[in-house]
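Below: the structure, in structure tokens.
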Amino acid sequence: MAIVSCPQCNEKMSDKAATCPKCGFVVDGLDADTLERKRRRNRADQIHKLTTQSMLAMLLFVAGIAGLFYYRDETAPDPTWQSQVAIVVIVIGFVWYIVNRIRMMLARRK
Ligand SMILES: [Zn+2]
């Protein structure tokens, strides 16, 4: 018995199991080629999704920087709440982007 990953949800499962215990995907009766094709398509879909998300993250980051410049007020002693929000948006965008890049790297390695 070997451990393989489910072609549908990528969860670990036995190669002797007829269906995936997690998502219920029926593996039984499918030949190796079909399974491999399904796995590859799922991975491509996942990478595509992550690419879209990292684009959004980058957009958030850029929007945050734009907001920071737009709401900058040098006459005020403290930063305005808008520029504080902009800083939070920049941090979220940056962290989200890095997380997505790491997830993409891991997805490609599988
Ligand atoms: Zn599954």
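The values are calculated or read from the model by the stated rules, or taken from the named source; none is laboratory data. All values reported here derive from a predicted model rather than from experimental measurement. We place every Cβ from the backbone using ideal geometry, glycine too, and count neighbours over all the protein chains shown.
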Might you let me know whether region 49-62 holds any residue that is under 30 Å from Met1 (Cβ atoms) and either within 15 Å of the chain's Cα centre (by Cα) or in contact (Cβ under 8 Å) with a residue 24 or more places away in the chain (or both)? no
Taking the criterion of being surrounded by fewer than 15 Cβ atoms within 10 Å (Cβ to Cβ), of a type in the set (S, T, N, Q) and out of contact with any Cys (no Cβ under 7 Å at 6 or more places or on another chain), would at least one residue in region 13-33 satisfy it? yes
Exactly one of Arg43, Arg72 is under 30 Å from Ser5 (Cα atoms), modelled with pLDDT under 95 and surrounded by 12 or more Cβ atoms within 10 Å (Cβ to Cβ), and that one is Arg43
On the basis of being at pLDDT below 90 and not in a helix (DSSP H, G or I), does Ala107 make the cut? no
State whether the residues of region 26-34 include one that is within 16 Å of the ligand (Cβ to nearest atom) and among the hydroxyl-bearing types (Ser, Thr, Tyr). yes
